[in-house]
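All remarks here apply to the structure that follows.
Any read-out appearing in this document is the output of simple, stated calculations on the displayed coordinates, not a laboratory observation. Here the structure is a predicted model, which is why all the values come from computation and not from measurement. Neighbour counts are summed over all protein chains in view; Cβ atoms, including those assigned to glycine, are modelled from backbone coordinates with ideal geometry.
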Amino acid sequence: MAALEARHRELSRALHPDRHAGKTPAERRHALGKAIEVNDAFRQLKNPLARASALLASLGHAPVDGQEAKPPAELLMDMMEQREALAEVRQSRDAKALDALTASIEARRDATLSALAAVFAEPGTLSAPRAAELMGELRYYARFLEEAGAIADEL
Amino acid sequence: MLLDIFDPKAPPKAVGIDLGTTHSIVATTRDERPVALTTCDGTALLPSVVHYGEAGQVVVGRVAKSYATREPQRTLASVKRFMGRGAGDAETERLSAYRFVAPKDEAEAKVVRFDVGGRSVTPVEASAEILKSLKQSAVDQLNAVGGCVITVPAYFDDAQRQATKDAGRLAGLHVLRLLNEPTAAALAYGLDKKQDGLFAVYDLGGGTFDITILLLDDGIFQVKSTGGDSALGGDDMDRLIAEEMLTKMGCASAELHTPELVSIALDAARQAKHALTDQSTVEVQLPQRGGGEATYVLDRPHFDELIAELLERTGRAVRRALRDAELTAESIDGVILVGGSTRVPRVRSYVGEIFGKEPLADIDPDLVVAYGAAIQAELLSSESDEILLLDVLPLSLGVETMGGAVDKILPRNTTIPAGAKSTFTTYAENQTGFDLHVVQGERELAKDCRSLARFTLKGIPPMPAGMARLEVEFFVDENNLLKIEARELTTGISQHIEVQPSYGLSDEEVEQMLIDALDFGEADLEARRLTEARVEAERMLLATNKSLATETDLLSADERARIELAVAELKSAIASAKKPAQIQLRIDSLDDATHEWAGRRMNRAIKSAIGGKVLGDVEQSVEHAQGVEAHLRAHGHLDTEAGSDG
């Protein structure tokens, strides 16, 4: 991730519109177009899910859209419980409980991310269904954390 | 004004302007150090107050402020809070001494209009008066002013930014850039301290609050996240105190709030607040309703209690910004205080508590933003390659979908310039028009977000529902201003849409104001446009000649001949043109002739920048990422779109 950010800064140094303020309109347009592309790529690559999908596709696997892999029943049950807990926190406006809940899901997300990284570590023996399963899990965590964030803003 | 650019005796200096809620400042650089210029008041700080006299005369600054309690309705203060706002906006309902013009129609309702003694004034016009005064001070001291950078709160939305740009234009300024205030402050500190690391800028001004987290790395200032509240500041502290004072005066009920009374209370409240910066208690004698005097006592503990809720709101924004940047408070290396309201002792201790470290305030918090703006103006004018600012989109951009929900197209804190595409389809048989409503904000429902533009894509050929593919492209440029393009993919019909902002002034209105304000006749305006076209043409010739001198190797003989012909034609147009369009035509053909060459030069520049890596690699990863995004979006699985179906 640090390498990605450094690369982004390096490319921005060459392409940012500020670098081309005194050039001709054509040059400014080219620079702007390229700068937008670079920023767009950066935005996608920063997102672990989008990055994992891109990696899978680049390794020749079918794209993952979250439809084909049915999430395990335990995960569904578990996430439903977590969501109920979140709804309760929202009712009771208990910031401490919200922090604890957020931290526990973040820890699980991080564990899943490590597992996903391990799957990708050996491209030769990569199991696409396993990756898809983990990505499905990540999607649930991401949604949960986004909602938890929105509730934190309200409290 | 513009002609001064060619004045050989005095090279024009770029300036930075902090157009603040309570004060405005103009600064420039001398020997690479920022300095604030003296305003017409004889000080660096010009009160952002505009007074409209009965005889039609306009004064700004301290003199204008002296009218505030005597003629409150003719005296506009804190107009920044109304920039880009529509009539009936929540801001117009708050405790203030103003009267507003009731809008005659829907078009008029897009912009707040103050009633100043029967004259209708928009916030853009009032801001332009402040800018004109600052410009005049700068001209007096520097002989000639080149481009300028105007700062805006990071949390300003598109309409508020457009309004600020319009004000600059109305004041006759060449606006190089709108710069976010916290980024400006970081620039001033970063260059002063020459220290890399993660910084948080806590900016509590008169009317706005911003929090920005940024990384300084070898001359690059990269904004990680930004957040805040464009209607929260020191004015709100004044209001809380003023309400207590009005109660003490026996005038608690709103019917008794005459503009004069409210103005007096707000003024007394502000003075009490300032006194509490150095004292622990302040006593104010207040006239009472029905005669007599009452003593109002305010001490620090009670004041701290009054503003606790306001500070809590800033704390929430800080936590969110940290979360967006995926950072913790402990990882921040330094906290920078900006804005006059950070002088309040409780604000300082509160910031210290959040970050667990003593905040930095060694550059005057009132001047630091203008300093940063001056530095950026100089950098942009001199095309320096040592420093670069990478800023972000402060609020998510999206479109309203069926059912009133928001489909986010670009999430907040995306690095700008940015672009994104989204595809829509028709929902009725033979539908020939498609309505798009563009909104900005974080809420789930479009009605809770800020409406930026509504428009209809017309001319879709009749076809079954769901067959048309409407591709809408959003661009956010380096000024954080939005442009939209739409096309229908199956037929290739392309439309560049003129986005009519839901809020703000149309181009025609701004033109009309220019004519009115500067007393230009139509002919004068044409002459002014001709001058501007000449300046633009000269700039273009300069840039083209520079490239012709150094990068001819990328040019075929044919192309070279074509460019030289276009150059000659543009030169003769500059000399003989009577109408701006004649010059513009030649500018366009030179632009056309150099287009492909510019692309080649750009590619070479990129190759050298990325140190030998093949550009194809970069482009491939870009395309790849876009493919992934399109796919995820088509299936509704992009996590920014996550709804409640999980």
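Things to note:
- Sites matching GluC sites (Glu not before Pro) across region B:344-416 that sit in DSSP coil, with at most 10 neighbouring C-beta atoms within 10 Å: B:Glu386
- DSSP-assigned coil residues among GluC sites (Glu not before Pro) in region B:203-280, each with at most 12 further Cβ atoms within 10 Å: none
- Taking only the Cα atoms of region B:39-81, the ratio Rg/Rh comes out at 0.96, with Rh defined as the Kirkwood radius.
- Cα long-axis angle, helix B:507-518 against chain B (0 to 90 degrees, to the nearest 10): 60
- A helix-only calculation puts chain A at -27000 deg cm²/dmol for mean residue ellipticity at 222 nm, using -39500 (n - 2.57) for each DSSP H run of at least four residues, averaged over all residues.
- A Förster distance of 60 Å, applied to the separation of the beta-carbon atoms of B:Glu108 and B:Arg604, puts the FRET efficiency at 0.70.
- Across chain B, the longest run free of exposed loop sites, meaning chymotrypsin sites (Phe, Trp or Tyr not before Pro) lying outside DSSP classes H, G, I, E and B with no more than 15 other Cβ atoms within 10 Å, spans B:1-426.
- Degrees, to the nearest 10: B:522-550 long Cα axis against longest axis of chain B: 60
- Dividing the radius of gyration of the alpha carbons in region B:5-72 by their Kirkwood radius gives 1.11 for Rg/Rh.
- Packing-based exposure ordering (other Cβ within 10 Å, fewest first) of B:Val476, B:Val297: B:Val297, B:Val476
- Signed unit charges on C-beta, dipole axis of the protein assembly as shown, positive-most listed residue B:Val535, B:Ala231, B:Leu388: B:Val535
- Relative contact order (%) - chain A, alpha-carbon pairs under 8 angstrom, separation at least six: 23
- A Förster distance of 41 Å, applied to the separation of the beta-carbon atoms of A:Glu81 and B:Arg289, puts the FRET efficiency at 0.10.
- Ordering A:133-139, B:479-485 by mean Cβ neighbour count within 10 Å, with the highest value first, yields A:133-139, B:479-485.
- Size descriptor for region B:36-161, Kirkwood hydrodynamic radius: 15.6 Å (Cα pairs only, one decimal).
- Length-normalised contact order for region B:40-125 - Cα pairs under 8 Å, 6+ apart - percent: 23
- All-pairs alpha carbon distance profile, the protein assembly as shown, 10 Å steps from 0, percent: 2, 12, 21, 25, 21, 12, 5, 1, 0, 0
- Working note: 222 nm ellipticity from helices only, DSSP H runs with n ≥ 4, each -39,500 (n - 2.57), summed and divided by the residues of chain B, gives -13000 deg cm²/dmol to the nearest 500.
- Taking 25 Å as the straight-line reach from the Cα of B:Lys248, the lysines in range (excluding those fewer than 8 positions away in the same chain) are B:Lys273.
- Both radii were evaluated on the Cα set of chain B; the Rg over Rh quotient, with Rh as the Kirkwood radius, amounts to 0.98.
- Of A:Lys23/B:Lys483; A:Lys23/B:Lys571; B:Lys65/B:Lys110, those spanning more than 25 Å from alpha-carbon to alpha-carbon: B:Lys65/B:Lys110
- Projected onto their three principal axes, the Cα atoms of region B:201-251 cover extents of 59, 14, 9 Å, largest first.
- With a 10 Å cut-off around each Cβ of A:138-151, the average count of Cβ atoms from other chains is 3.
- Tally of Lys pairs whose C-alpha atoms are under 27 Å apart, taken over region B:121-233, 8 or more apart or cross-chain: 5
- 37 °C / 0.692 mPa s Stokes-Einstein diffusion coefficient of region B:102-215, Kirkwood radius on C-alpha pairs, µm²/s: 200
- Region B:338-440 - Rg (one decimal) and Dmax (whole number), Cα, Å: 21.9, 66
- Cβ neighbours within 10 Å from other chains - mean over B:217-223: 3
- Taken residue by residue and averaged, Cβ atoms of other chains lying within 10 Å of the Cβ of B:596-603 number 5.
- Calculated on the Cα set of region B:387-466, radius of gyration then Dmax: 15.1, 55 Å.
- With R₀ set to 51 Å, the beta-carbon distance separating B:Gln141 from A:Ala103 gives a calculated FRET efficiency near 0.35.
- Residue order for B:Asp217, B:Asp229, B:Asp362, B:Asp203, fewest other beta carbons within 10 angstrom first, comes to B:Asp362, B:Asp217, B:Asp229, B:Asp203.
- With coordinates expressed along the principal axes, the C-alpha atoms belonging to chain A extend over 59, 45, 25 Å, beginning with the largest.
- Equivalent-ellipsoid semi-axes of region B:228-337, from the Cα gyration tensor, Å, largest first: 35, 16, 10
- Computed lengthening from B:Lys458 to B:Ser556, 0.36 nm per intervening residue step minus Cα-Cα distance: 31.0 nm
- Cα gyration tensor, region B:327-376 - rounded (a/c under 1.5), prolate or oblate: oblate
- Pairs beyond 25 Å (Cα-Cα), from B:Lys13/B:Lys546; B:Lys13/B:Lys579; A:Lys46/B:Lys357: B:Lys13/B:Lys579; A:Lys46/B:Lys357
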